[in-house]
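The values are calculated or read from the model by the stated rules, or taken from the named source; none is laboratory data. As the structure is a computational prediction, the values presented were derived from the model and not from experiment. Here the Cβ positions follow ideal geometry from the backbone for every residue, glycine too, while neighbour counts run over all protein chains shown. To get the accessible areas, we keep the full protein, side chains included, count just its heavy atoms, and leave off ligands, DNA and RNA. Shrake-Rupley method; radii C 1.70, N 1.55, O 1.52, S 1.80 Å.
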Amino acid sequence: MIVAALALTASLGLGWAMLIRWAARDGRAYGIATPLLFGALLLWCWEVVCIGFGVPRVLLPAPTEIARAFATHLPMLWADFVQTVVRAVLPGYALGCAAGYLAAIALDRSLFLRRGVLPLAGLLGAMPIVGIAPIMVMWFGFDWPSKAAVAAVMTFFPMLVNTVAGLSGTGAIERDLMRSYGASYWQTLVKLRLPAALPFVFNALKLNFTLALIGAIVAEYFGTPIVGMGFRISTEAARLDLDVVWAEVALAAITGSACFAALALLERVVLFWHPSVQKFALSGR
Amino acid sequence: MTWLSQTAPPALTSAVVEACDLSIVFGSGEHRTVALTTVDLAILRGEFVSLIGPSGCGKTTLLRAIADLEQPTGGHLSVNGKTPAQARRERAYGYVFQAPALYPWRNIERNVMLPLEIMGRSLAERRASAKRNLELVGLSEFAQRFPWQLSGGMQQRASIARALSFEPALLLMDEPFGALDEITRDGLNVHLLDLWRRTNMTVVFVTHSIPEAVYLSTRIVVMSPRPGRIVDVIPSDLGRDRPLDIRDTPEFLQVAHRVRTALHAGRSYD
Amino acid sequence: MIRGAARRAAPIVVVLLGLVGMWYAAALALDLRAGQALAGSGASPQALIAAAWSLERPLLPAPHQVAQAVWSGLFGEPLGSARSLLYHAGVTALTAALGFALALVFGIALAVSIVHVRTLDRSLMPWVVASQTVPVLAIAPMVVVVLGNIGLTGVLPKALIAGWLSFFPITTAMVTGLRSPDRMQFDLMRTYSASGRDIFAKLRWPASMAFLFAGVKVAATLAVVGAIVAELPTGAQAGLGARLLAGSYYGQTLQIWAALIAAALLTLLAVGAADCAQRVLVARRGGRL
């Protein structure tokens, strides 16, 4: 144990010194390397503390044990992934986002309706929507449709609010210009306002994926067939099989980050013209 | 100063823009602002008319009213003998704003093609027009670039090319060079004058720079605020060929002096 | 002023009425068959509709049924009983409030550190942002179980989950807010030879207040959500989440809906409290944040 403590302090000291030096440097490479180093140090710390100090597995498994559990239970993890992410999250996410987008366009015509709907949408969106999970189970059954429904409802409101904000943000000069060309409402919508609203839409798209994932997983706590990430987490936690739980959490984290990164990449391509994307490309921060 | 009777048939007059006793009032009660009052003005074909005055004198409001972006509350305004709304629907004019207002997601060529897209012209026609107009403003090599890759002056030139794309006979410009530095501005002034000579358009140009107004125009309309009204209309007969150093000649300074006096008289400096 | 408020409220009221109308129609559609069973064959249309809207375990309860359930749950039961919604709401509120307080302290401290220590900024901030892509609520059961194992039961583990969920908006808002004054302001401080502490107390902190309150409102709603979800895994007996779970197990539709509405009201209360605090601050600052 003393060996572990010494090793820990030495390596941490070294790591921290490196971290300070790297953080002081500018540039894109260091911008990525520094948090990675921090993460690596954290993992190392975790590993040494768990193994070196003999922390019981039921309390906190070491990273290597989690990795082992991940590898061992890969088929089960895959089945859970398919049930939760592929069958519930993706359809729910797509449905909720599409519905929110179309609803925003429908609302665009009437200021009166917008004034009435937007405050309510903001309010409803702040509510604990995961709470509708038991109701969805009652309507759609135990299997994935109820979870997809929860994901859809959770993603609907942020998309609606953001798209409406994006549509209202077009500058007066640009709109006057369209008027001077004698452009119709639909021409102005398609050629000017929808492209200008894209940054807001992407904001909502990125935010919504995590919401959909959370919605589907938490909805499974309310009842699900014997497969699914939420199901696995709650049952294995009750059985104190914590390394499996951590493996599932790692899976959820990887899924969330991977999809976020994919959306961010898509955003860079589609929104190549937007200052926020350009700033990132130019300065590397 | 009433120029032409209200009932003269359009064919007999070559007035592109006619305002008779025009007034525009915004708001009501406590927040009532008289933007324009008793404005009488006729702008003939081929003229280059500047509207000059301090902020609040109604020059932009008058320009926007011609463009059907504001509605008159009194009096009469016609463009090409029709109401401004009809003229707008017939795409009778091109408008250039203070800011270039180019779409950042379109390259320069597609930005210039935008009005023609809305008017439903074919792709070949759009391409040809864009090519012509970019050449006119000297931006041919930048057709595939994006707006943020161009300087402010070049972006403004692109927005002028866009305004010209459907070959309007009337060009309305609202302080288009106001945000640019003086050196770029001089260059663009020469450019604009050249453009005007070549296309024979009618131009209505809003500015708050006296030298710019005198340099560019055939007539200068001096306006004054509270309430917005025309104080004087001063001809600027400096000939059609105007190199930049004409600004140091005594004739130029005389006209500038007249403009300055009129601005002062209208209590424009209060 | 009343005119203005009325004009703003009118669209909301109209939309609400429309929604309630659609709700009644949907309830009728979903509960028709069960209503028919209840009213018996050969019943008049009015009796049928009345039956559909007063089932004991409807697929979709009618608005008045929900309102009744909420009312009786909140005010109709003695406070200590397991059926009192007020009691359950209180339990959840306590958890949420504790979690929020933890998030506030931790979030602000983290934001201040990130803004002042470049190492933390470059190494930690990206992880703070990345943590948002991780469905944190998913680990709720685990955290509760683990902490239960080392003897930490009761409010604390649930509050920790609520706090974890709500610290992020506070941190990001504060980081943006602390960095919000423009260069000119910092240069001015330099000309005064102001110390780091002065710059923080007199410039950064006041400038960040507007951002902080925006983050606080989001954090308040997340704290309530976190508290509810934290109650789910442990077979908890008290709290709105537990109530939702129980209603789900026993098929008590009205219980579920009543708990949901209570949760919504609690969220409203939380945001309202944050808004009140903001108004007090705005008033002390002379009208603008």
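Worth pointing out:
- The distance separating the Cα centre of the stretch B:225-269 from that of the stretch A:102-145 comes to 62 Å.
- Using a 1.4 Å probe over protein heavy atoms, the accessible area lost on pairing C with A, summed over both chains, comes to approximately 4500 Å².
- For chain B, size of Cβ-based charge dipole, Lys and Arg +1, Asp and Glu -1, in debye: 640 debye
- In Å, descending, principal axis extents of the Cα set of the stretch B:93-167: 30, 24, 23
- Per-residue ³J(HN,Hα) for the stretch A:232-238, Karplus 6.51 cos²θ - 1.76 cosθ + 1.60, θ = phi - 60°, Hz, x for Gly and Pro: 4, 4, 5, 6, 5, 5, 4
- For B:Val231, the residues 5 or more places off, or on other chains, whose built amide H falls under 5 Å of its own are B:Val222, B:Met223, B:Ser224.
- Helix-only [θ]222 nm of chain C, DSSP H runs n ≥ 4, -39500 (n - 2.57) each, per residue, nearest 500: -25500 deg cm²/dmol
- In Å, descending, principal axis extents of the Cα set of chain A: 80, 55, 30
- Reciprocal of mean inverse Cα separation for the protein assembly as shown (Kirkwood radius, Å): 31.9 Å
- Amide H contacts under 5 Å for B:Val17, placed H, 5+ residues apart: B:Ile43, B:Asn80
- Over 24 Å between alpha carbons, listed pairs A:Lys206/C:Lys217; A:Lys147/C:Lys217; A:Lys191/B:Lys131; B:Lys59/B:Lys82: A:Lys147/C:Lys217
- Ligands, DNA and RNA left out, the 1.4 Å accessible surface of the protein assembly as shown is 65% carbon and sulfur atoms.
- Net charge dipole size for the protein assembly as shown [Lys, Arg +1 and Asp, Glu -1 on Cβ; Debye, nearest 20]: 480 debye
- Average beta-carbon neighbours from other chains, 10 Å sphere, peptide C:263-271: 3
- Computed from phi, the 3J(HN,Hα) profile of the stretch A:207-214 under the Karplus parametrisation 6.51, -1.76, 1.60 (θ = phi - 60°) reads 4, 5, 5, 4, 4, 5, 4, 4 Hz, with x in place of Gly and Pro.
- Counting charges near B:Ser209 (Lys, Arg +1; Asp, Glu -1) among other residues having Cβ under 10 Å from its Cβ returns a value of -2.
- For the stretch C:1-77, the Kirkwood estimate of hydrodynamic radius, built from reciprocal distances between every pair of different alpha carbons, is 14.3 Å.
- Shielding value for A:50-58 is 1, the average number of Cβ atoms from other chains within 10 Å of each residue's Cβ.
- DSSP beta bridges fully contained in chain B are about 55 percent antiparallel.
- Near the amide H of B:Ile24, within less than 5 Å, lie the amide hydrogens of B:Ala35, B:Leu36, B:Thr37, B:Thr73, all on another chain or at least 5 residues away, with H placed in the peptide plane.
- Cα-based equivalent ellipsoid, chain B: semi-axes from gyration tensor eigenvalues, Å: 30, 23, 18
- Fully extending the segment from A:Ala264 to A:Ile20 would add 85.0 nm, taking 0.36 nm per residue of separation and subtracting the current Cα-Cα distance.
- Interface size, chains A and B: roughly 2100 Å² of accessible area buried, both sides included, 1.4 Å probe, rounded to the nearest 100.
- A simple rule links phi to the HN-Hα coupling: the Karplus curve 6.51 cos²θ - 1.76 cosθ + 1.60 with θ = phi - 60°, which for the stretch C:269-281 gives 4, 4, 5, x, 4, 4, 5, 4, 4, 5, 4, 4, 5 Hz, with x for Gly and Pro.
- GNM on chain C, alpha-carbon springs under 10 angstrom: the most fluctuating residue among C:Pro141, C:Pro11, C:Pro61 is C:Pro11.
- For the peptide A:252-259, the mean number of other protein chain Cβ atoms found within 10 angstrom of a residue's Cβ is 4.
- Exposed loop sites here are trypsin sites (Lys or Arg not before Pro) assigned a DSSP state other than H, G, I, E or B and surrounded by at most 15 other beta carbons within 10 Å; excluding them, the longest clear run of chain B is B:46-144.
- MRE, 222 nm, helices only [DSSP H, n ≥ 4, -39500 (n - 2.57), over chain B, to nearest 500]: -10000 deg cm²/dmol
- P(r) weight above 15 Å for the stretch B:179-241, C-alpha pairs, percent: 57 percent
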